[in-house]
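First the structure, in the form of structure tokens, and then the observations on it.
Since every read-out is calculated from the coordinates, none of them should be taken as a lab result. Everything numeric in this text was worked out from a predicted model, so none of it was measured. Note that we place each Cβ from the backbone using ideal geometry, even for glycine, and neighbour counts take in every protein chain shown.
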Amino acid sequence: MSETSESSPSEVQATPARIFRNVWTIAWPIVVASLIDANEGMVDIYLVGKLGPAAISAIGMSRQIVFIFMVMAMSITSGTRTLVAQFFGAERHEDVGKTAQQALLMGVCLALVLGSISFVLTRPALILLGAPDEVLQHAVPYLRLYFAGMVFMILHYVMSAIFGGVGDTRTPLKISIVVIIFKCFTSYGFVFGVWGFPEMGVAGAAVGTIISRALGCVIGFSILTRGHSRVRLIWHWRMKPDWSILRRMLQIGIPSGASGFFRNGARVFLYRVAAGTRQPTVALASLTMGFQIRLYTILPALAFSIAGTALVGQRLGAREVKAAEQYGAQTIRLCMLLVGMGSLGLWLFTEPIISIFTNVEEVIGMGGIMLRFFIIAQIFSALSIVVSGILAGGGETKPPLYYTLISQWGILLPFSYILAYPAGWDVTGIWIAWLAGGVVEGMLTLRRYFKGTWKRTVV
């Protein structure tokens, strides 16, 4: 049986075992690729960790600002994944190719605009976050270089969304493997000035990221243009926007992009709250490693979210509502099982894991306490993420945006400030507020799933 026919969405009477197999077949490469992508930030933290806590804080604060702008790409990737999945499920293969074409075109335009704006705002944004001078000297050049190569980051995510929408998650995995290997060597060379590379310190990590992501884009683009078993991209440089596709893509994607923007915006301001605590450099370094380490257990949720969008979208595109329900439920079960296992492992080995990246006792102690609050919260965050992906399969992306605003801006930020300063709980108040926000968002999203309004098509 061919690869295309194997992944055909026309499976109205799929058995539970077959559903399990199909969900896992699509999800596991995303899980592995996501873990590999998480290593990009971990590689940076590990390398610059040898330069001290200020360097670690510089990476952490910078990446939060990067995430604010990068999540705007979700306006493209989320809409792309849903449309491609539903067109593929409806066997409208020409529209699959057109959607891929328009997504890449929009990705280039968005990258040019965001890259220019963010490059200018680099230093003011870091100062607004309360970055100490010792952090600024590392963070400013790192961020400016990173934003200069933003086009490669966004196109990488757009291509992954195209492949994922048609159910091919192995190609992005293979590309991610090449990218992270190349990243390790180039970043090491530019950070420490070995193998003939100039010594650039923290900024060298950004150069390594740009070069490796550019290589990934070249590989992905060549696969799409040469012909793929499920999607064929016809590209020419005078290509015009197709406003009907772009409009539907943005109707689905903008709420997802806005949700990501507000989520990461809240985390940026959380750094600002942490910068005013009794030990700001230690708190910022702990928060940086906490966000990065938790990715290893939260990324499976992101992977299953993508799988849920593709599988549910394909079934809804084929008008197979019952099958969409089955795939949605199985995706949630598998996701929560993996996240639970990962969270347990992280709980048992918290301090040893943190000590891999720093030998500063204050950071290890504070980071260990913080990470345990994060571990509990991420169970609910994972639930919210995977369910949001299923809702997106039916084009329902606005409710998760509302829940993000409630949990992050209505609970996390105000309570982190109140508990840290007026209540006098310092960093512990921040960790408690994080936990409360995660619980609320998870329960609200699950309630929306059971309402069942996501069981519709948008193509």
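Most exposed first by the Cβ proxy, i.e. fewest other Cβ within 10 Å, how do LEU83, LEU337, LEU444, LEU47 rank?
LEU337, LEU444, LEU47, LEU83
On average, how much area does the Cα convex hull of segment 103-188 cover when viewed from any direction, in nm²? Walk me through the numbers before you get to the answer.
On the way: hull surface 27.7 nm².
Here the figure is 6.9 nm², rounded to one decimal.
Which ³J(HN,Hα) values in Hz, rounded to whole numbers, follow from the phi angles of segment 366-382 under the Karplus curve 6.51 cos²θ - 1.76 cosθ + 1.60, where θ = phi - 60° and Gly and Pro get x?
These are the phi-based 3J(HN,Hα) values: 5, x, x, 5, 4, 5, 5, 5, 5, 4, 5, 5, 6, 4, 6, 5, 4 Hz.
Which of the chymotrypsin sites (Phe, Trp or Tyr not before Pro) across segment 37-76 are loop residues per DSSP, with 16 or fewer other Cβ within 10 Å?
Working: sites: TYR46, PHE67, PHE69; in loops: none.
Passing both the DSSP loop test and the Cβ count: no residue.
Report the label-to-label distance for ILE177 and LEU51 in nanometres (one decimal), using points 7 Å from each Cα along the Cα→Cβ vector.
Taking the two extended label points, one gets 3.1 nm.
With Kirkwood's inverse mean 1/r over C-alpha pairs for Rh, give me the Rg to Rh ratio of segment 371-449, two decimals please.
Radius of gyration over Kirkwood radius for segment 371-449 works out to 1.05.
Loop-only chymotrypsin sites (Phe, Trp or Tyr not before Pro) in segment 198-268, please: DSSP not H, G, I, E or B, and at most 15 other Cβ atoms within 10 Å.
Answer in residue order: TRP235, TRP237.
What percentages make up the Cα-Cα pair-distance distribution of segment 182-329 when the bins are 5 Å wide from 0?
It works out to 2, 7, 7, 9, 15, 17, 15, 12, 8, 5, 2, 1, in whole percents.
Hey, what's the Cα Rg ratio for segment 156-197 versus the globular rule of thumb, 2.2 N^0.38 Å?
Ratio of Rg to 2.2 N^0.38 Å for segment 156-197: 1.57.
Can you compute the helix-only [θ] at 222 nm over the chain? Use -39500 (n - 2.57) per DSSP H run of at least 4 residues, normalise by all residues, nearest 500 deg cm²/dmol. Mind dumping the intermediate values first?
Working: 17 runs with 364 residues, N = 459.
Helix contribution divided over all residues of the chain: -27500 deg cm²/dmol.
Would you list TRP431, TRP195, TRP425 from fewest to most Cβ contacts within 10 Å?
TRP195, TRP425, TRP431
What Kirkwood hydrodynamic radius do you get for the chain when you take the inverse of the mean 1/r over all pairs of distinct Cα atoms, in Å?
On the way: mean 1/r = 0.0451 Å⁻¹.
Every distinct Cα pair counted, the radius reaches 22.2 Å.
Three principal axis extents, largest first, for the C-alpha atoms of segment 151-221, in Å?
That works out to 43, 19, 16 Å along the principal axes.
Which distance in nm do the two modelled labels at ILE356 and ILE234 give, with both placed 7 Å along the Cα-to-Cβ direction?
4.8
Neighbour counts of other C-beta atoms within 10 Å: give me PHE147, PHE304 arranged from fewest to most.
Details: PHE147 27, PHE304 34.
Going from sparsest to densest Cβ surroundings: PHE147, PHE304.
How many nm separate the modelled label positions at ILE117 and VAL218, each set 7 Å beyond the Cα in the direction of the Cβ?
Going from the ILE117 label point to the VAL218 one covers 3.1 nm.
Could you give the length gained by full extension between ARG278 and LYS451, i.e. 0.36 nm per residue of separation minus their alpha carbon distance, to one decimal place?
Stretched fully, the ARG278-LYS451 segment lengthens by 57.8 nm.
For each pair in LYS98/LYS183; LYS398/LYS451; LYS174/LYS240; LYS98/LYS451, compute the distance between the two Cα atoms and list the pairs where it is over 24 Å.
From LYS98/LYS183; LYS398/LYS451; LYS174/LYS240; LYS98/LYS451, over 24 Å: LYS98/LYS183; LYS174/LYS240; LYS98/LYS451.
Between ARG21 and TRP409, what length comes free when the chain is fully extended (0.36 nm per residue of separation minus the Cα-Cα distance, one decimal in nm)? Kindly include the intermediate steps, with their values, before the conclusion.
Numbers: separation 388, 0.36 × 388 = 139.68 nm, distance 3.86 nm.
Extra length available between ARG21 and TRP409 comes to 135.8 nm.
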